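Participant: Dropping the structure in here first, questions after.
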Amino acid sequence: MWRGLELALALCLLPWGGTESQGKSSFCEQPPGWSIKDQDPMLNSYGSVTVVALLQAKTIPFFVFVSKYFRLEDLRVKLEKEGYSNISYAVVNHQGIDSQLKYVYLKSKVSEHIPVYQQEENQADVWTLLNGKKDDFLIYDRCGRLVYHLGLPYSFLTFPYVEEAIKTVYCENKCGNCSLKVFSLIIFTGSKEEIF
């Protein structure tokens, strides 16, 4: 019991600002180009806030495995109900052979609204290109610029960090103006006078 309390207190004392980019990737810059097979997830999501989760399908207890991916779907549904629409999600599975063998199982446990990408053995490792590790979440603005790179323990979906980062990227211009945000607001409100 005390260990859980100690972890909770330690997480409360960690500064929120430390989650921005965490020194892993270049803040407010376009990500390096990456694709899987003939798909370019970043290009396909241009114009929407994009959440990329680096997750690994592997042999772990069933309840832990299912719980992690259901939480991602729960977060997607929660944000949508709160009015945060036009958010793209993508899961990139680890490149290792063990993860490749469990890709179909992983895909069956993740919502149909969240595409799961399997890297091929002979391609450049996407996780390495993105300076990522297992369970990292990368959140990009509508112009495709990296705003947050959250790693453990910040990326545990039981904590509010990923959700708050998505909301911040959705509502604020942390990396400066994005013409795609203004365009979407014009369409949404119907007049330029209501843009703020």
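The values are calculated or read from the model by the stated rules, or taken from the named source; none is laboratory data. Since the structure is predicted, the reported quantities are computational estimates derived from the model, not experimental observations. Heads up, the Cβs are rebuilt from the backbone with ideal geometry, glycines too, and the neighbour counts pull from every protein chain shown.
Participant: Based on what the data block shows, is SER85 at pLDDT 90 or above and surrounded by fewer than 19 Cβ atoms within 10 Å (Cβ to Cβ)?
Facilitator: yes
Residue by residue, here is whether (1) modelled with pLDDT of 95 or more; (2) surrounded by fewer than 20 Cβ atoms within 10 Å (Cβ to Cβ); (3) hydroxyl-bearing (Ser, Thr, Tyr) holds:
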| site | (1), (2), (3) |
| --- | --- |
| ASN93 | no, no, no |
| ASP98 | no, yes, no |
| LEU106 | no, no, no |
| HIS113 | no, yes, no |
| GLN118 | no, yes, no |
| GLN123 | no, yes, no |
| ASP135 | no, yes, no |
| LEU138 | yes, no, no |
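Participant: So, in the range 153-167, exactly how many residues are among the β-branched types (Val, Ile, Thr) and either surrounded by fewer than 16 Cβ atoms within 10 Å (Cβ to Cβ) or modelled with pLDDT under 95 (or both)?
Facilitator: Residues in the range 153-167 being among the β-branched types (Val, Ile, Thr) and either surrounded by fewer than 16 Cβ atoms within 10 Å (Cβ to Cβ) or modelled with pLDDT under 95 (or both): 1 in total.
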